[in-house]
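The values are calculated or read from the model by the stated rules, or taken from the named source; none is laboratory data. Nothing here was measured: the structure is a model prediction, and the numbers come from that model. All Cβ positions, even for glycine, are placed from backbone atoms using ideal geometry, and neighbour counts span all protein chains on display. Surface areas here come from the heavy atoms of the whole protein model, side chains and all, with no ligands, DNA or RNA. Shrake-Rupley method; radii C 1.70, N 1.55, O 1.52, S 1.80 Å.
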Amino acid sequence: MLFEPLTIIRLCGIAGILGALITGIGDLLYYHIPNSKQTLAERMSSLPQTRLVTAGTLGLIGSWLYLLSTFHIYYAFLPFGIGFAFAVSFSFALVAVAYGVGHASYYAIGSSAKVARENNLDVESAGKTGEALFSRIVLITYFPVAVAMLLMLYGIVSGRSAYPLWMVIFLPIVPYLLRAPVLKILRGRAHELVRDSYDNFVLLVFFLVSTIVLWIK
């Protein structure tokens, strides 16, 4: 049947993968310029308006896909119990919404910097206006992120989820904290691409591994 649990797990895992890819592409459209040594504000101020608008729009699409992926996480922790699975997936849903809002808020940095550049004003100072909004959103998001990661960690380590114990390595918080050594391993173009979309790269790795594990389980 189309909507049996295994089908939902697989489709929603794929939704997570696509969400990470699309939002990651949005990150790259926002500020990725190959081999550039400019600051964030300087890079964004030089990009076409249409590119910045497209980047912000992709965040909305990505957040919808991330929301669908919460059902994948729900079923992964359902063996622990309905209440626990709901708590984990709801916490992740809050993070998914925050990703979309935070991604869209990044547009404020680019638009402010572009206006400053066009009027021969200080690009860096103008960009900080948008950065203040983004930083506030990130700070608020730390709470649901912490809740989701701690619950997922406990569920996996306890052996009461659908994941094997080694899946702990791929929890988003682990590669996120290992950002510096991961980027140090990568070289050239790969280093730049991963660096400029790292938050979504982390989720891409998680959903790729999770979907494969639960697909064949």
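For an R0 of 25 angstrom, estimate the FRET efficiency from the Cβ-Cβ distance between T50 and A190 and round to the nearest 0.05.
Numbers: r = 27 Å, r/R0 = 1.08.
About 0.40, to the nearest 0.05.
What does the helix-only formula give at 222 nm for the chain: each DSSP H stretch with n ≥ 4 adding -39500 (n - 2.57), the total divided by the residues, and the result rounded to the nearest 500 deg cm²/dmol?
Details: 10 runs with 172 residues, N = 217.
So the helix-based figure for the chain works out to -26500 deg cm²/dmol.
So how tilted is helix 107-118 from the main axis of the chain? Cα-based, degrees 0 to 90, rounded to 10.
The angle comes out near 10 degrees.
What per residue convex hull volume, in Å³, do the alpha-carbon atoms of the chain yield? The partial results should precede the final answer.
Values: hull volume 24.9 nm³, N = 217.
Considering the Cα atoms of the chain, their hull volume per residue is 115 Å³.
What angle do you read, to the nearest 10 degrees and between 0 and 90, between the alpha-carbon axis of helix 123-157 and the longest principal axis of the chain?
Tilt relative to the chain: about 10 degrees.
With springs connecting C-alpha atoms under 10 Å apart, model the chain as a Gaussian network and identify which of T23, T141, T50 has the largest mean-square fluctuation.
T50
At a 1.4 Å probe, what is the % contribution of carbon and sulfur to the accessible area of the chain?
Working: 8070 of 11150 Å².
Using a 1.4 Å probe with all protein chains present, the chain comes out at 72 percent carbon and sulfur.
Ordering V213, V174, V88 by how much accessible area each has at a 1.4 Å probe, largest first, what is the list? Don't skip to the end; give the middle numbers.
Values: V213 20, V174 45, V88 0 Å².
Ranked list, largest accessible area first: V174, V213, V88.
Would you mind computing, in nm to one decimal, how far apart the modelled labels at Y198 and L153 are, each placed 7 Å from Cα along Cα→Cβ?
1.9
Tell me the angle of helix 198-216 to the major Cα principal axis of the chain, expressed in degrees between 0 and 90 and rounded to the nearest ten.
20
State, to one decimal in nm, how far the label point of I33 lies from the label point of I8, with both points 7 Å from Cα in the Cβ direction.
4.7
What number comes out for accessible area per residue over the range 116-217 if the probe is 1.4 Å? Units Å², please.
Values: 6100 Å² over 102 residues.
For the range 116-217, the per-residue accessible area is 60 Å².
For the range 54-134, I need the span (max minus min coordinate) of the C-alpha atoms along each principal axis, in Å, sorted largest to smallest.
For the range 54-134, the Cα spread along each principal axis is 60, 22, 10 Å.
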